[in-house]
1. Within the chain, what's the longest run with no chymotrypsin sites (Phe, Trp or Tyr not before Pro) in a DSSP loop and at most 13 other beta-carbon atoms within 10 Å? Give the range, please.
2. Among V104, V34, V180, which one shows the biggest mean-square fluctuation in a GNM of the chain, springs joining Cα atoms closer than 10 Å?
3. Of the candidates E162, E205, E59, which one comes out as most mobile in a Gaussian network treatment of the chain with C-alpha springs shorter than 10 Å?
4. Where does helix 100-111 land angle-wise versus the long Cα axis of the chain, in degrees 0 to 90, nearest 10?
5. Rounded to the nearest whole Å², what accessible area per residue is found for the stretch 1-146 with the 1.4 Å probe?
6. So, in nm, how far is label L56 from label D69 when the simple model puts each one 7 Å beyond its Cα toward the Cβ?
7. Got a sec? Charge dipole of the chain, +1 on Cβ for Lys and Arg, -1 for Asp and Glu; which of I216, A135, I242 is way out at the positive end?
8. Can you give the helix-only mean residue ellipticity at 222 nm for the chain, where every DSSP H stretch with n ≥ 4 adds -39500 (n - 2.57) and the sum goes over all residues, rounded to the nearest 500 deg cm²/dmol?
Amino acid sequence: MTDVPFIEVENLYFSRGDHEIFRGVNMTIPRGKVTAIMGPSGTGKTTLLKLIGGQLTPESGRILIDGQDVHKLSRKALFTLRKRMGMLFQSGALFSDLDVFENVAFPLRVHTDLPDTMVRDLVLLKLQAVGLRGARHLTPAELSGGMARRVALARAVALDPELILYDEPFVGQDPISMGVLVQLIKRLNQALQLTSVVVSHDIKETLSIADYLYLIADGQVVAHGTPQTLDANQDPRVSQFIHGEPDGPVPFHYPAEAFYQDVLGEAPAKQIGS
Ligand SMILES: Nc1ncnc2c1ncn2[C@@H]1O[C@H](COP(=O)(O)OP(=O)(O)OP(=O)(O)O)[C@@H](O)[C@H]1O
């Protein structure tokens, strides 16, 4: 393991139409650690993961993964790099017509020529790691939400990635499943010597496993540091977020024209509030 960061985001700019999502984001994501990216809804956390994964291209700036500029790679080189990344996205549903075993085996069958006996051993190892070896014959319809998330996690690490990107891994989980997932992410990170990037709204859970945190808002990094340093940060934007306060400098409303204009079509003689 070296001290060179696994991911470097340099002066990143990205827009969707007129909406400027990132304006000059810089980040370094250390190897072998869990780094959390947090921020208000709609700030672009999922977008950032897609930029890191090479699914989206920045307007300017660059993203280096293990020294390689993701957006300068040939298709083939990007494909090879992607095999080193596991992704657990909210939308990453299991294949409903395959059982648990075949869901985890899928990336191995697609990306390797390993013989069946080795695929079997690897799948059972990954299922053991998430505590579901005994559930291998179940279909996705027979799993609870928490079990399904764990199978998706086993599938995400099937190819032994070096990096794993988690998008909202705790969403929709009951407190027990959430606790299991939190521990699992930390344990897998250590056991497999992964670099993990976690995007999440669940502040308490995320703070409990993150080695380092970035807080983004308004297109920029507003703070970064260890959970302890962010907890002690006096910046009202940081404090509002970290302590989950509804009121503060981060607005509740997405930018919009004045309410009365929207509702009445035109500006009335008497303003009835915005
Ligand atoms: N495919 C798309 N086309 C146009 N705009 C999009 C698209 N996907 C996302 N956006 C916009 O980009 C912005 C950032 O979205 P993104 O999903 O990355 O935010 P987020 O921080 O992950 O939000 P949340 O925490 O609510 O999941 C939002 O304003 C969203 O409306």
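The values are calculated or read from the model by the stated rules, or taken from the named source; none is laboratory data. Bear in mind the structure is a predicted one, so any value in this text is a computation, not a measurement. Note that we place each Cβ from the backbone using ideal geometry, even for glycine, and neighbour counts take in every protein chain shown. Areas reflect the complete protein model, heavy atoms only, side chains present, ligands, DNA and RNA absent. Shrake-Rupley method; radii C 1.70, N 1.55, O 1.52, S 1.80 Å.
1. That would be 96-251.
2. Most flexible of the set in this elastic network: V180.
3. Result: E59 has the largest fluctuation of those listed.
4. Rounded to the nearest ten degrees, it is 90.
5. On the way: 7590 Å² over 146 residues.
Normalised by residue count, the accessible surface of the stretch 1-146 is 52 Å².
6. So the label points at L56 and D69 sit 2.1 nm apart.
7. Farthest towards the positive end: A135.
8. Working: 10 runs with 96 residues, N = 274.
When only DSSP H runs of four or more count, the value is -10000 deg cm²/dmol.
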